[in-house]
1. For region A:252-487, what proportion of DSSP beta bridges, expressed in % and rounded to the nearest 5, is antiparallel?
2. How big is the antiparallel share of DSSP beta bridges in chain A, given as a percent to the nearest 5?
3. So for the pair residue A:94, residue A:426, with labels modelled 7 Å out along Cα→Cβ, what separation do we get in nm?
4. Need one value for B:465-473: mean number of C-beta atoms belonging to other chains within 10 Å of its residues' C-beta atoms.
5. Please report the equivalent ellipsoid semi-axes of region B:88-147, computed as sqrt(5 x eigenvalue) of the Cα gyration tensor, largest first, in whole Å.
6. How shielded is B:361-368 by partner chains, expressed as the average number of their Cβ atoms within 10 Å of its Cβ atoms?
7. Find every distance from the label point of residue A:492 to the corresponding label point in the other copies (7 Å from Cα along Cα→Cβ) and write them in nm, one decimal, shortest first.
8. So, in nm, how far is label residue B:54 from label residue A:320 when the simple model puts each one 7 Å beyond its Cα toward the Cβ?
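Here, each number is a calculation from the coordinates, and none is a lab measurement. Owing to the predicted nature of the structure, the values given are computational and were not obtained by experimental measurement. So basically every Cβ, Gly included, is an ideal-geometry build from the backbone, and we count neighbours across all protein chains shown.
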């Protein structure tokens, strides 16, 4: 069958189940439900601190076929996923589904567990490195299921993704399970992605290298959600957790794109008092923040909030009074961690509050402007950030689809070419984010506006910006480097790409070798 | 039938259902569940701000037989319950169950709604004033159901108490439903009791007199839980909301009791580094805090936390460094509100985190010492704080049973006589808190230790405190004022007293007139 975007999907996928085809970004709302949760009551005399990960696994009654979850605030410095999976493997457990909010190169040992049948399924919002390559090569028994950040929260809360045991990497924790991310040698700041896991998993285990006296304040995840606590030597490598600083691009082409994107924002009329904004930590995205900052300061604009993964650059804008508040699901650098610890209006947010389409209004719904990246974008404005142009998984939505859907103005900033390949194509390799939620693409050679946004097109025509159709933009690129060769795929589905509402927007097939 | 305390209970109560008899304070734990929640999704284009309470009621599809909930942070200054119930009455709706965490004299207009059949059921953790009297006189169609603070959270979360529409009195709110209690003309501090309602009700309406720009930080209840927002002129009378200051008793008898209670705490061995403590806002209780403070300062003791409804006196102890943290479900005075706004380690807690026995460990489980009041206490240490000695409802558990069950040492402080009536009796009029969870009673004439606590009795025998049996204490009182006359009751059950786990610990019957 085909979904509304014309992507060909099986009706049923082994290890996934029946496919609900994507039918439009706002077509699957209405009344939804959050699942029942089972709780093992803790009496006053009970002790929650256990000796080892193995003891916690035994107490949680780990068995074949279970789903265990992890969150990615420790990013490429994370030790927790590997520690737990090694223990599970040692215990001889098989057929485990790993629901990790993101998977990084540091998680390479998972590949061995996949080969040995310890791990047969993966859920992730983002994957890069050896595990992503192994999945793309078809090593995993069942297809990986790729969510958006908000979609993962939705799946957990609705029960679509049933977590048996959640493991919380806890930078600071007390013996009763109060957790925060702002203190300790592995401090990472906000623990937003772990909150749905903690609230909805069957059992919850906190793993900490900084066990402090009760109560561990400020409490980000409270004792009422945690069954067991394990103290280990180290939960992560600080060098991999947060970067010291996130940097603006110095590349003149990147700066040019950022400047043009800022002019698009100005022309849209959104850059006024009450302005809200999100951008990733990429070099061009940060450069947009820099130019927006200049405009806000010049014109005395007082914004409402910035959201997302928070960088030091956004903290600077906040501390200069350009924003009233920050909504933070994950801190990207030490400055963000420090601000989150100190500033009351630097608020944590759960993945659900951030982007879940099935709650009473996520923060993304309040965004004026979102700055997005792209690996490919097609003439219908569909964006791929899941696979590379070689068809291999190298990313995933993360918050891409959530923020695109929620924001009033979603702008893709990208160079027109990536190496010798055009970014604008007829048909993206994989659809991550549907074109109906993407408003503009800004490249160094030209800007294309989604035809759905005639209002915006009118406004941009009054500027000196190089506005063209997306077909023209595609032609520009093709004139420079030609049309890229088609990649050939097997039939085998190696990953299912779920839109934030749980429908299937695309599948990733195995690349022919 | 009789429950384990020998209280005679019907097996079935009209308007309540089957009675599960109380079978011991820690006998009904194990695996429990939190209920499924239905959510009306909010899309980016949706607006949550509505014009009036009536419009909110219509959007929430109010109808006969529904349960609507309220919380009591505005205490005897609350306007919200009356405003909403008046609107419901005007709309001609009947047979409403009012689930208010507490009911105060200011809610007298409810009596008229009870008489007219608009309100046929009441759930409350505490009731005083005209509504309590009306219930006691049998005016309400169905028996009132009285919870503990933790038990109400449990009932809401498990689905035993199904709330159709929750109304949140919001001292500060934005148009998307982020709420805090720390700013605005009706600032009341922590909104802990409202959190289960917000998380588990079918629909949630915030009613505010301080609508601020998005986002209202710090967020205590977030937009993901709120369906509609209504702006009104005023949600409460500041004079009734928080007292300017809470005061220590000056009565020498009260001070003597407090001094003795403090000596009991010292003798128990609990008053050392890491000490945790809760006391109510009553004059004798606060005096205990004063003496405990003196001991802590003298001996350089560094406590862990104080919890509960927080008073300025406890804030002083916290700010002097005697406690590392405060857990606050409700601020009792302006100083507490101010501290809650400013101090990171002055943490809010939901009613569930505070006292729900069916979660993974409530804060009460971590209490060393709890100072309790009593209207009556019987020779088995069962305590009544629900009915007066005339059999009329004048209170309720609130956190009484929760803290007694959780704490290592639960001390009742009371004068031996109340007017011309003895406090210690053979059988309390109503059991609120079971004797197995009460360790000591301290009166000006003597101290009795629960025989279950031989360990404590041994320690106290080494002091000069006037230790005696509870029977001796009773005799002392009776020698002074004689044995009180028995109150005569009808068969009609006017209130069901649920223990925190949802079993029935007692019923209140109609007083014979």
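1. 25
2. Of all bridge pairs located within chain A, approximately 25 percent are antiparallel.
3. 4.6
4. Details: counts 0, 0, 0, 0, 0, 0, 0, 0, 0.
For this peptide, the per-residue mean of nearby foreign Cβ atoms is 0.
5. Whole-Å semi-axes of the equivalent ellipsoid: 17, 11, 11.
6. Per residue, the number of nearby Cβ atoms from other chains is 5 on average.
7. Sorted ascending, the copy-to-copy spacings read 7.6 nm.
8. Each label point lies 7 Å from its Cα, and together they span 5.0 nm.
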